[in-house]
Amino acid sequence: MIFTLQNDEAMFKTISWSSYIVFMVAVLIAYYLYVLIRYYRKDIVRLFSSRKSIPSKKTPRENDGKESDEKVMTDAAHFPVVYELLEDLKEVFQKAASSKWIKEELLMALEVKIRAYPQLKGTAFQVAVNNHIAQQATVHCGITLTDDDLKPIW
């Protein structure tokens, strides 16, 4: 017992604070490197691979990215138009519900309103508007509209 106590005291006297701090910093660096490599390997590879090459020719993937950026910007420009169309459609459904229109009358009124918005044809908003129309027709008028019913109104 006495022998081990003396060895512990000798150890504390021989290790300086600077040696201890250097050792702990080295251990912490090794630990964090292990964690980074173990859990964030894909992110690190992606980070370094995106910086290393700047090709002079445009690859098809880059063109697709720019086209998708333009499409997103175009889609963002359509939001006010879609909102305006939905407000117009709300009026159509209110008239249809109060006048008890049949399916053909409702489709004709919808076609007249939608023809004023040709910029939405063929976009992702067309599908969303069709879904909205089908839902509102069922809720307000009790009329079930299918995709085949809604294709001609565009």
| request: Kindly list the number of the only condition in (1) assigned by TED's automatic domain parsing to the domain that holds His132; (2) modelled with pLDDT under 90 that fails for Glu105. | output: (2)
| query | From Phe79, Phe48, which residue is modelled with pLDDT under 85, surrounded by 10 or more Cβ atoms within 10 Å (Cβ to Cβ), of a type in the set (Phe, Trp, Tyr) and not in a loop (DSSP other than H, G, I, E, B)? | reply | Phe79
| query | Taking the stated definitions as given, is Ala97 out of contact with any Phe, Trp or Tyr (no Cβ under 6 Å at 6 or more places or on another chain), part of a helix (DSSP H, G or I) and modelled with pLDDT under 90? | reply | yes
| Test for Ser18: is it loosely packed, with under 10 Cβ neighbours inside 10 Å and either of a type in the set (Asp, Glu) or at pLDDT 85 or above (or both) | yes
| field | Flag for Lys13 being at pLDDT below 85, part of a helix (DSSP H, G or I) and within 30 Å of Leu120 (Cβ to Cβ) | value | no
| note | Within segment 115-138, residues touching a residue at least 40 places away in the same chain (Cβ under 8 Å) and more than 28 Å from the chain's Cα centre (by Cα) come out as Ala137
| Matching residues in segment 74-94 - criterion: being over 14 Å from Leu110 (Cβ atoms) and in contact with a Phe, Trp or Tyr (Cβ under 7 Å, 6 or more places away or on another chain) | His78, Val81, Val82
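The values are calculated or read from the model by the stated rules, or taken from the named source; none is laboratory data. This is a predicted model, so every value here is computed, not measured. Virtual Cβ from ideal backbone geometry, glycine too; neighbours counted across all protein chains shown.
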